[in-house]
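Take a look at the structure set out below.
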Amino acid sequence: MNIRILLIVCLSFFFSNAQVYTFSSEKEGKTITHRIMIDENYLVETQFVSDPAEFILTRGGFYTKEGKTFDVALEFNSNYENDSIKALELVWTETWKKSNAKAIDLNGKWLMAGRMTDEGVRRRDTSRPRKTMKFLQDGHFQWIAFNTETFQFFGSGGGFYTAQNGIYTENIEFFSRNNTSVGRVLPFQYSIKGVDWHHQGKSSKGDPMYEVWTQRVN
C-alpha cells in the first residue's frame, strides 16, 4: 500500500512539473518525432519528420488524467477528414523524454485577439469557435488555427523559441502549409500589456505584422 501511494505521488509530481515530451516512431522508413505539450488542462500532440522536413499531423484539446493515461477531448485534429477522431487516449511510457528546457517568459495558451492598424488595435471576439491559438511551454511553441464547432483545421506550425530583452525569436521545426519554411528563424519585438502580448515583426512570408494575443482562460 505504501509503495503504491508513493508511486502515485511521484507520478503526480512528475506530470505536474513536466510540460514538453518527445518520443520517436518508425513508419515506412521514416523517423517520426512525436512532440507532446502539456499544461494544467490542455494537451497537444504533433507528429513530424525532421529530415527531410514533413508535417504529419497535430491534434489537441482539454484533457483529464488518471495515472499514466491522458484522455483528451479534441478541439482540433488535422487528420480528422481521414480518421474522424474527436477523442484521444495517450498513455505515458518511459519512451517519453522530458524536455530539459526551463519555463521562460510567455508560457501559456494565447489566442489571436487583434491586429494593430493605423486607427489602433482592431480586436476580434476570442469566444467565437474560429480560433488561432499559440501554445508556449518551456521554450517550445506551436500555433494552430481551427474551428471548435465545425472541426475545420486551417494550419499549424511550431518549433522552439527564446524570449529575452523584448525580443521573441521562433525557430520553425514543422509547418503544415509549407515544409520549405522549416529551418527559418523569425525574430519579433514583444511586450506584455496587461493580459495582452504585443507581437511585431515579419511573417514567414516576409510581410510586416503587428499582432495582439491574449491569454486563454477557457
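No lab work stands behind these numbers, since they all come straight from the coordinates. Fair warning: this is a prediction, and the values are worked out from it, not measured in the lab. FYI the Cβ positions are ideal-geometry reconstructions off the backbone, even for glycines, and counts take in every protein chain you see.
For 169, 132, 46, what ranking results if the residue with the fewest other Cβ atoms within 10 Å of its Cβ goes first? Mind showing how you got there, number by number?
Details: 169 15, 132 19, 46 26.
Starting with the residue having the fewest Cβ neighbours, the order is 169, 132, 46.
To make sure I understand, if each residue's beta carbon is the centre and we count other beta carbons within 10 Å, what order do 91, 20, 44 fall in, fewest to most?
Working: 91 9, 20 19, 44 27.
Ranking 91, 20, 44 by Cβ neighbours within 10 Å, fewest first, gives 91, 20, 44.
Provide 83, 118, 138 in ascending order of the number of other Cβ atoms located within 10 Å of each residue's Cβ, fewest first.
Working: 83 10, 118 5, 138 17.
Exposure proxy ranking, most exposed first: 118, 83, 138.
Residue 87 versus residue 202, label points 7 Å from Cα toward the beta carbon: distance in nm?
4.8
Taking Cα atoms, how many degrees apart are the long axis of helix 2-17 and the longest axis of the chain, rounded to 10 and kept between 0 and 90?
For helix 2-17, the angle is close to 10 degrees.
Would you work out the Kirkwood radius for the range 108-215? I mean one over the mean of 1/r across all pairs of different Cα atoms, in Å.
Working: mean 1/r = 0.0695 Å⁻¹.
Kirkwood radius, the range 108-215: 14.4 Å.
Among the listed pairs 30/202; 27/134; 131/202, which are separated by more than 31 Å between their Cα atoms?
Beyond 31 Å between Cα atoms: 30/202.
If you take the alpha carbon radius of gyration of the chain and divide it by 2.2 N^0.38 Å, what ratio comes out, to two decimals? Display every interim value, and only then the final one.
On the way: Rg = 17.8 Å, N = 218, 2.2 N^0.38 = 17.0 Å.
Normalised by 2.2 N^0.38 Å, the Cα Rg of the chain equals 1.05.
From the Cα gyration tensor of the range 19-98, with a ≥ b ≥ c the square roots of its eigenvalues, which class applies: rounded if a/c is under 1.5, or else prolate if a/b is larger than b/c, or else oblate?
On the way: a/c = 1.99, a/b = 1.28, b/c = 1.56.
Taking the square roots of the gyration eigenvalues as a ≥ b ≥ c, the range 19-98 is oblate.
Give a quick list of trypsin sites (Lys or Arg not before Pro) in the range 173-218 that DSSP marks as loop, anything other than H, G, I, E or B, with at most 10 other Cβ atoms within 10 Å.
Details: sites: 177, 184, 193, 202, 205, 216; in loops: 177, 184, 205, 216.
Here the trypsin sites (Lys or Arg not before Pro) that fit, given the DSSP loop and packing criteria, are 205.
Before rounding to the nearest 500, sum -39500 (n - 2.57) across all DSSP H runs of length at least 4 in the chain and divide by the residue total; then give [θ] at 222 nm in deg cm²/dmol. Mind showing how you got there, number by number?
Details: 2 runs with 20 residues, N = 218.
Here the helix-only value at 222 nm equals -2500 deg cm²/dmol.
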